[in-house]
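> Shown below is the structure under consideration.
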Amino acid sequence: MATEAAPMDEKAKRMRDLLSSFYAPDPSISTSGSSISASFDNINSTSFDADQYMDLMIKKSNLEVLLQRHVQMAAEIKNLDTDLQMLVYENYNKFISATDTIKRMKSNIFGMEGNMDQLLQKIMSVQSRSDGVNTSLFEKREHIEKLHRTRNLLRKVQFIYDLPARLQKCIKSETYGDAVRFYIGAMPILKVYGDTSFQDCRRASEEAIEIIIKNLQTKLFSDSESIQARAEAAVLLKQLDVPVDSLKDKLLEKLEQSLDGLQIKPEEASLLAEQNDSSNDAESNEQHPAKIHEDAVRGFSEAMRAYREIFPDSEERLFKLARALTAMHFENMDLYIRKRVSAADFLRIFRIIWEDVVLMDEVLPEAELSDLSAEAAQVTVKKFVARTFSHLEQDISDTILKFDINQKEAVEEEVLKVVLEASKKAGLQGTTDIFQDFRQLLDENIGIFVKMKDLIIGWIQNGFQDFFRSLEAQFLVLSGKTSSSKEIEGGLVEGKSSDKIHAGLILVLAQLSVFVEQKVIPRVSEEIAASFSGGNSQAFENGPAFIPGELCRVFHAASEKLLQHYIDTRTQKISVLLRKRFKTPNWVKHKEPREVHMYVDMFLHELEEVGKEVKQVLPQGTFRKHKRTDSNGSNTTTSSRSNTLHNDKMTRSNSQRARSQLFETHLAKLFKQKVEIFTKVEFTQESVVTTTVKLCLKSLQEYVRLQTFNRSGFQQIQLDIQFLKAPLKETVEDEAAIDFLLDEVIVAASERCLDVIPLEPPILDKLIQAKLAKSKEHNNNNNTVSS
Amino acid sequence: MQGGSSGIGYGLKYQARCISDVKADKDHTSFLTGTLSLKEENEVHLLRLSSGGSELLCEGLFSHPNEIWDLASCPFDQRIFSTVFSTGDSFGAAVWQIPEPYGQSNSSTLECVASLDAHVGKINCVLWCPSGKSDKLISMDEQNFVLWSLDSSKKSAEVLSKESAGMRHSLSGGAWNPHDLNSVAATSESSIQFWDLRTMKKVNSIERAHVRNVDYNLKREHILVSADDESGIHIWDLRKAKVPVQELPGHTHWTWAVRCNPEYEELILSVGTDSAVNLWFASASSERKASESPVEASRLRVNPLLNSYTDYEDSVYGLAWSSREPWIFASLSYDGRVVIESVKPFLPRR
């Protein structure tokens, strides 16, 4: 009773266990849980102990539950029994049906063996019959096969016999591809039997092939054929085992030779540029060389393209060729610009070259032509800029020198002025032109120029800097100032070199330097600032290349140096004159003065020449007579002292003066300020003349100091100086200084005189008048000065 | 010591042209100078720089019969010196000795050691052998020069040899090569001539017109400095004498004399008729000059003029470095003013 409910649970549980044991990888684990939990109450487990189970039941449950359990168990047992019965029954049924089937099979197998034997017999007979047929047909089949082979052979023989004709036909129709295919197909046979059976055939076909090869070669070489055709020809030739390499070499050589034709020769370049010029006006002109050249280069690049396709392995060679052409172009360009070339022409040529390069670059991009040509172009443009500057320099110096030659023929005319103006113009015009040229360079929009813009600006700035520097050096060399140190053979005596160079030229150079400093350099710097300043990388590294301030300084110094040099050369000439005058006579035994000595005339003449040159070149000073009062103010004692030397007083005080000469000089020197004999030279006519006179008078004084005079000697000096006074004052700006210097000469003479007795004024006057009359008579150029 | 630019002055009574350093005086810095006066009685002054260097004292005053055109102190005996003098129409040269107890009497007479009377024309100068021991002398007139042997104890001078330079070259002065005692440089109208004293033959010449003065550089062999009227100062390397090693602008007017400093080889002094004394720094290493283009060289060169002393009233003719204190020099202007200056502020750093 109590166990009746249990079998239901047991059954479900068993089912579960079976399932889980089937699915779980380890059945012991899955079952162990249930076996432990139901170690006592699980009926299905192997360790089930009925007594224990009962004890547990009784202990645990009350009666009702036990009863229920009992009922449940009874039902379960009943169920199990029916199940068992059902199984047995079913199995039995199956066994019976299987027995039936076996019985049936047994009955069917009977009689099968006889059929099988029959079948075997029949198959055997079929086989023997087919063998019979086979043997009877064998001979015939063999025969047929033989015939077939012969036919094939005959066909081949036919083909070979036909080969020459066929080849000829191909030649006629120019289907060389087929021809080559045929020939190559026939090749093995011809190789084997060529010497025996097919001798004629072989010969004929070889001849035909030779023609074909020839034709192919011509085709390859002919420029009129299309590239593809030529490429095919090349391939065919290769198939024919013709040595293509030598062909290639030949072709490339030809191409190389054609390079010569492509050169822009320096002589032709100008023509090229010119013609181009005219063609710009009239487009109809078809035959201008630029066009021809362009076509030629186009052809060349086409050819290169072709060869490249034909001979893929020839690239290196082609690169070389293209590079060579580019290099040649630039070399020729270099030669071309060695002559004087305008920027426009230069650019035109450059454009042509650039076009060529672009054409070639399209064909052979790997040749890096643009890089190569960019480099070359840089060099060329740089050279061009440099050349332009050197041309300008040459121009200027030519202008100066050209006139110098004329000058020696006609000194009297105002040649110096002409020279100065001409060279000024040359300088200004030259720089203007240069700027125009360079602007063209900058405006040019060929790719390469755009890239080089900064560089060009740098070069131009540098160029100007260098130009002005070398111009300055050139000036100095022209003036003979630095020639001695430059020319190694040296030994140039200063006198000699200054003879060679006309003194006037030095003056012109000096003034020209001033002009450059004041006009040209500011203009150039303006221009540069206006159109040539740019982000120049170089400029930032080394500071701006063009430094007008420095150049101005250089030229300022140069102008001063040159002016000084002019004065030096002039005074040297006079100095030589004076030296001769004072060295030759024996002053201690001098005879009485009869007239003013010749050297005074020469001296004045030299001064006059200086005056003339100066007038032509230098501007007039603005303060002609002011200086006098200034200097008078500063050296009052000097002027008062010079007053005492004036004629009237001089005669009266002569005897005392002679005695107290030294004392007076010392005293005067104590009180007076130093007369500024050696003032700075200015760029005015007066200043230069005055400086020259001052230096000459100083020399005169020094020469006098070196001699010892007798009375007559002293009087001669006195007379000469007295005569000089008037004309010198005429020409000179700083009268006080001249007065002082003239007096100094007389003082020096009196100091060096053994017996100081001056000439009486009437005699002095008379002699001077006589001299003046004489010079008037001569009526030469002295007139203007002495009057 | 003195400030350098403000020199110490001393006035002679008359005009004067020549001043000489007394080389043989090892204890003092002394100079000898003589006046040039045609009519008055001429004097020779022995000047000594006081030990503090602040004063220039007259140690001796001696009358000299004629105006003095040239004066040179004997390098081995401080009491002996030579003069070239003029009587107005004729020239003479003599060697003098300062009398023993000098300094006390106001105008003691000079003792004439020897008269160098082998000349007829205008005598230019007397040169003492620069070795400092030798008793050789050279006297030079416009055509000839004579080599003398002096015997101061016997008070006689003997002509050793005499050579004529020829009429065409009128000699104007010279210098004895301190590095080669057989060589003398003589300046003439058109060139600097070099004479070998053994053969008395001209061995070399530099073509250069109107050279006024030459001086050998004591410290550097083969270097000669010349001054001329026209283009200032030239420095020559005698081994390649075609082109000057360096040019200095010189003076506004003539450059009258040049002197190389006896100690500092780069320092050169020049005096000129523009009343100035110029101190030059000639760093003339010939290699540098040759390697560069002339333009560059002139650009790179710093101004070689270290200082110009212009505090003179008249042309400066006389110039002498002190050999005892080589930073001191004496200059003499025509008005008879001796000025001692120190170039210490300009000395090259060593």
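The values are calculated or read from the model by the stated rules, or taken from the named source; none is laboratory data. These numbers were taken from a predicted model, which means no experiment stands behind them. Note that we place each Cβ from the backbone using ideal geometry, even for glycine, and neighbour counts take in every protein chain shown.
> Among what's in the range A:682-734 and is more than 28 Å from residue A:591 (Cα to Cα) and of a type in the set (Lys, Arg), pick the residue that is surrounded by the most Cβ atoms within 10 Å (Cβ to Cβ).
A:694
> Are any residues in the range A:745-768 part of a helix (DSSP H, G or I) and surrounded by fewer than 17 Cβ atoms within 10 Å (Cβ to Cβ), and if so, which ones?
A:761, A:762, A:763, A:765, A:766
> Within the range B:195-218, how many residues turn out to be more than 14 Å from every other protein chain (Cβ to nearest Cβ) and basic (Lys, Arg)?
Going through the range B:195-218 one residue at a time, the tally reaches 3.
> Look through A:283, A:294, A:316, A:302 and report the one residue that is out of contact with any helix residue (DSSP H, G or I) (no Cβ under 9 Å at 6 or more places or on another chain) and at pLDDT 70 or above.
The conditions single out A:316.
> List the number of the failed condition for residue A:102; all other conditions in (1) over 20 Å from residue A:14 (Cβ atoms); (2) in contact (Cβ under 8 Å) with a residue 40 or more places away in the chain hold.
The failed condition is (2).
> Ok, one more. Residue by residue through the range B:233-249, note down the ones that are touching a residue at least 24 places away in the same chain (Cβ under 8 Å) and within 30 Å of residue A:693 (Cα to Cα).
The answer is B:233, B:234, B:235, B:246, B:248, B:249.
> Okay, moving on. Which residue is nearest to the other protein chains (Cβ to nearest Cβ), if the candidates are limited to the range B:51-67 and must be assigned to a loop (DSSP other than H, G, I, E, B) and over 25 Å from residue B:343 (Cβ atoms)?
Checked the range B:51-67; the qualifying residue nearest to the other protein chains (Cβ to nearest Cβ) is B:66.
> Looking at the structure I just gave you, is residue A:701 modelled with pLDDT of 85 or more and more than 14 Å from chain B (Cβ to nearest Cβ)?
No.
> What single numbered condition from (1) in contact (Cβ under 8 Å) with a residue 40 or more places away in the chain; (2) not in a strand (DSSP E or B) fails to hold for residue B:70?
(2)
> If you take the residues of the range B:227-242 that are within 9 Å of another protein chain (Cβ to nearest Cβ) and crowded, with 23+ Cβ neighbours inside 10 Å, which of them is modelled with the lowest pLDDT?
Out of the qualifying residues, it is B:231.
> Restricting to the range A:349-397, what's the tally of residues that are outside any helix (DSSP H, G or I) and on the phi < 0 side of the Ramachandran plot?
Going through the range A:349-397 one residue at a time, the tally reaches 1.
> Of the residues A:325, A:369, A:392, A:321, only one is touching a Phe, Trp or Tyr at 6+ places or on another chain (Cβ under 8 Å) and over 22 Å from residue A:438 (Cβ atoms); which?
A:325
> Collect the residues in the range A:210-246 that are within 39 Å of the chain's Cα centre (by Cα), modelled with pLDDT under 70 and hydrophobic (A, V, I, L, M, F, W, C), keeping them in residue-number order.
Result: A:227, single match.
> Pairs only if they're at least six apart or on different chains, beta carbon under 7 angstrom, first in the range A:502-514 and in contact (Cβ under 8 Å) with a residue 12 or more places away in the chain, second among the aliphatic types (A, V, I, L, M) and not in a helix (DSSP H, G or I); list them, first residue then second.
Final answer for the pair search is A:511/A:618.
> Given the conditions (1) within 25 Å of residue B:144 (Cα to Cα); (2) within 12 Å of another protein chain (Cβ to nearest Cβ); (3) modelled with pLDDT of 85 or more; (4) surrounded by 21 or more Cβ atoms within 10 Å (Cβ to Cβ), and given that residue B:224 satisfies all but one, which numbered condition is not satisfied?
It is condition (2) that residue B:224 fails.
> Give the range A:676-731 a look and list any residue that's closer than 24 Å to residue A:611 by Cα and outside any helix (DSSP H, G or I), or say none.
If the condition is that a residue be closer than 24 Å to residue A:611 by Cα and outside any helix (DSSP H, G or I), then A:676, A:677, A:678, A:679, A:680, A:681, A:682, A:683, A:684 are the ones that fit.
> A follow-up question, please. Hey, can you tell me all the residues within the range B:194-250 that are closer than 18 Å to residue B:127 by Cβ and of a type in the set (Asp, Glu)?
Answer for the range B:194-250, where residues must be closer than 18 Å to residue B:127 by Cβ and of a type in the set (Asp, Glu): B:196, B:215.
> Determine whether residue B:87 is among the hydroxyl-bearing types (Ser, Thr, Tyr), in contact with an Asp or Glu (Cβ under 9 Å, 6 or more places away or on another chain) and more than 14 Å from chain A (Cβ to nearest Cβ).
No, not satisfied.
> What number of residues within the range A:188-209 are over 20 Å from residue A:232 (Cβ atoms) and within 60 Å of the chain's Cα centre (by Cα)?
Total satisfying the criteria: 2.
> Would you check which residues across the range B:27-45 are free of Cβ contacts under 8 Å to residues at least 60 places away in the same chain and among the polar types (S, T, N, Q) and list them?
Those that are free of Cβ contacts under 8 Å to residues at least 60 places away in the same chain and among the polar types (S, T, N, Q): B:30, B:37, B:42.
> Which condition number does residue B:48 fail, the rest of (1) among the basic types (Lys, Arg); (2) more than 14 Å from every other protein chain (Cβ to nearest Cβ); (3) in contact (Cβ under 8 Å) with a residue 40 or more places away in the chain being met?
(3)
> Right, another one. Give the residue that is nearest to the other protein chains (Cβ to nearest Cβ), with candidates limited to residues of the range B:299-330 that are of a type in the set (Gly, Ala, Ser) and more than 14 Å from residue B:268 (Cβ to Cβ).
B:315
> For the range B:192-288, which fully contained strands (runs of 3 or more DSSP E) count at least 3 residues that are of a type outside the set (A, V, I, L, M)?
So the answer is B:201-207, B:211-216, B:232-237, B:255-260, B:276-281.
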